[in-house]
Structures are given as C-alpha cells and as structure tokens.
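See structure below.
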C-alpha cells in the first residue's frame, strides 16, 4: 500500500502512522453530544473514509487520506493543515 | 586543560569498499535547520535569495558554490555550508545541527541496488533524478537521501546511529557486489 503524500509523492506505507479518523472539531468548548461523538464514537463505514496519517519517516506532515474500505482504493491525500475533517 | 580532538561521526567506520561500490564520509561544514515562522516564508525566501540561494520546493536542493539549501520536510530546510545570514533568526527558527548528522557518499555501479535493499523510496531516475532529495526510511532509520550523480548518493543519518547506518550500508554493498561478481547469472 502506498499513500500519495502531497509533498513527497507516492510513498510506502511503512513511512506513515495511522492517526485515526479525520473529524471536524466541534465548535465551542462546552461539553455536549458533539464532543462526545468527537472523542468516543466512531463509525465503521463500508466505503469512502477520511483518515489522518502522519508522515513521520518523510516530510513530517499530517495528511487527510481519502480511502475506500471496500475497494481498498486510495483516492487522494491533502495536508491536514489545509483543513481537516469532511 | 584537556586537549580536545575533533572526531567525525563515521571515524573508523569508513571508507568501505565492495566490488565497484564505495562508501565514504563527507564533511558538509555548518548545517542549520531553518523553519520559517508563521507568515514569514516569503521573507525567509527573500533573505536566502539574497545569498544566491532560495527556498526549496519539496525534494529540491538549491546550490550556490559550497553553500546549499536542502528541502528537509514540511516547512523545513537545511542551510548547509554557510552560516545563516544576519537577521534570518528574526524570521525563522534556526538550530545548529552541524554535529548532529553523519553524512555518507555511496557511489559506484549498483549504488541504486544497494539503496533499494534498505529504503522503500522509488529510485527510478524518472521519479528520483539527479539533484533530488528525499526524507525516507533507510534500514528502519530516518534518513535524508540525495541523488548527486546517476550512480552516486549522499545519505544523511543521525550521528547517534552512524555505526548502525554504516553497518547496514556495508552489508547491502557486500551482497550487491557479490551478486554482481557471482558466476551464477542474476542480479
């Protein structure tokens, strides 16, 4: 499996660490159902997902990788700094 | 007063030779990491440009005589061979890393085959041509690999891992050389 780092190009999976689902951070600091979902609840979708991957053995960037869990197809990646979450 | 003797990171470990392959150490001189502060990228690029250098695109090395700027990661570059110009510290976080890196040169026919045993990088010339640099994994160690000639590479590894780095490189060199001189066909 290779991931298309926007800076480095296609790189081997061993250069990356999986950092979980890429979720939009809830607005505001008060506890509520939004924060509960953000911290604890994860979907297990069959199909397109957005995940965070850290390119620690490469450029050091955090990427949002769009991946299909059914077809095992990696559709693309962008820097998380350019906007995480869907 | 103790009389201190400067010792290079790979002293006593190199040179290594195997068949046509050679591994030697390079002294790059001063190495400074440059990480522009938020919003200061253009100012840093202009200041480096005034030295005949510039800010490197991903994978790029900008050389000017003995000085060069080497891409080193997201919003990070190494200034090599010269001290940072006055005022650069106002726009970027600078760190002297001169003594932190072991720098090796691997050359000879089959140098790419040696690296292919150690790193997942795509080393084909159409992808990783002469003058390009990359951060990657080399024998499970973080490394920076730069292609300086068609069959010559410059490899930077942590000084603390210099012994392991040379060991891994030497083992791969020996095996590539053995396959190339073996009477049995194959690479």
Which listed residue, of B:161, B:169, is farther than 19 Å from residue B:30 by Cα, part of a helix (DSSP H, G or I) and within 14 Å of another protein chain (Cβ to nearest Cβ)
B:161
Determine which single condition residue A:54 fails, assuming it passes every other condition in (1) at pLDDT 90 or above; (2) more than 10 Å from chain B (Cβ to nearest Cβ); (3) surrounded by fewer than 17 Cβ atoms within 10 Å (Cβ to Cβ); (4) more than 10 Å from the chain's Cα centre (by Cα).
(4)
May I ask you to verify whether residue A:60 is away from chain B (no Cβ under 14 Å), on the phi > 0 side of the Ramachandran plot and not in a strand (DSSP E or B)?
no
Being buried (at least 17 other Cβ atoms within 10 Å of the Cβ), touching a strand residue (DSSP E or B) at 6+ places or on another chain (Cβ under 8 Å) and closer than 20 Å to residue A:10 by Cα narrows B:54, B:131, B:108, B:73 down to just B:73
Could you identify the single residue in B:39, B:85 that is exposed (fewer than 15 other Cβ atoms within 10 Å of the Cβ) and touching a helix residue (DSSP H, G or I) at 6+ places or on another chain (Cβ under 7 Å)?
B:85
Hey, does the range B:139-146 have a residue that's within 12 Å of another protein chain (Cβ to nearest Cβ), modelled with pLDDT under 95 and exposed (fewer than 15 other Cβ atoms within 10 Å of the Cβ)?
yes
Residue B:63 passes all but one of (1) away from chain A (no Cβ under 14 Å); (2) touching a residue at least 24 places away in the same chain (Cβ under 8 Å); (3) not in a loop (DSSP other than H, G, I, E, B); which number fails?
(2)
Which one is surrounded by the fewest Cβ atoms within 10 Å (Cβ to Cβ), of the residues in the range A:2-24 that are touching a helix residue (DSSP H, G or I) at 6+ places or on another chain (Cβ under 7 Å) and assigned to a strand (DSSP E or B)?
A:2
Could you please let me know if residue B:77 is part of a strand (DSSP E or B) and within 22 Å of residue B:7 (Cα to Cα)?
no
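The values are calculated or read from the model by the stated rules, or taken from the named source; none is laboratory data. Computed from a prediction, not measured in an experiment: that's the story for all the values here. Because the Cβ atoms are built from the backbone with ideal geometry, glycine has one as well, and the counts that use them run over all protein chains shown.
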